[in-house]
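Values in this text are rule-based calculations from the coordinates and carry no lab data. Remember, predicted model here, so these are calculated numbers, not experimental data.
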Amino acid sequence: MTIKRAMLASSAVAALTLTGCSMGSDSGTSAASSATSAAASAASNASGSSSAAPSTDVSTSPASESSSPSSASSSVAASSVALPADTQLAKATANKLSFSVPKSWTVVDGELGKQDAVKKQLEPVAKKSGMSPEKYVAQMTSAADVLAIDATGAQRFNDNINVLKVTRPSLAGKAQLEKELNQLNAASGANGSNSSSDMKVTTGEYSRITTPAGAGEQMEYTLTTKGVTVHGVSMVIPNGSGSYSMLTVSASAADKAAEYAKTVAETAQKM
């Protein structure tokens, strides 16, 4: 994978990590627009490329950097998994992957986003970003196969989980995931200190995980921008399309990010 593709894919993760971030109408709109444009570029130009993988320790000990990526063909066949209490099923239809998210969250994809009830639920989040619900849905679904977001309350950051339309052909390994996330720091510095996309990313623990869909991986990280700190887990999980899905779990608290990622890992299934 080329450096350019790594940066595009990493920008896509950042764009969707910032989905729930309220930074004021003007700066929020600018950041969302520039970040989502990068995500859209990744989705259209980097097919088969890698993206950063958010991480949380789920069921395995940290893997060494030399762990060799496995191919999707060797993935464990999905079995039926019961939904945990107070959760609902989110489906990434293009990726052919499903997983559980909190029942109180709003699940959005290209089709669900057309429903008036869904747009109504997204109004508070869209307003914080200075957009109409229609524009918000269009921007988020340009890069995401599915987005699940806590659209309730007046919190500054709305916890969310997304699956990119872009997939990767195999697991990446620790070094590659770190490289992709660190590309965000380089891209941010190039934009100047006053840029609305200015951000600082710090990578954390890398783990190999076991899911009902097969063996995956994840890397924890924190992203700080405009005084907001987001705790992320970048996950790579085999899907039903024969490739690996790239999921980003984002939360305002580290324990919540770990909780969401654990649920995803325990319930991810091929469709």
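Quick notes on this structure:
- Taking 23 Å as the straight-line reach from the Cα of Lys127, the lysines in range (excluding those fewer than 8 positions away in the same chain) are Lys103, Lys114, Lys119, Lys135, Lys226.
- Summarising the amide proton neighbourhood of Val146: residues at separation of 5 or more, or on other chains, whose placed amide H is nearer than 5 Å comprise Val163.
- Candidate aspartates and glutamates - alpha carbon under 19 Å from Lys174, same-chain residues fewer than 8 apart omitted: Asp57, Glu65, Glu205, Glu217, Glu220
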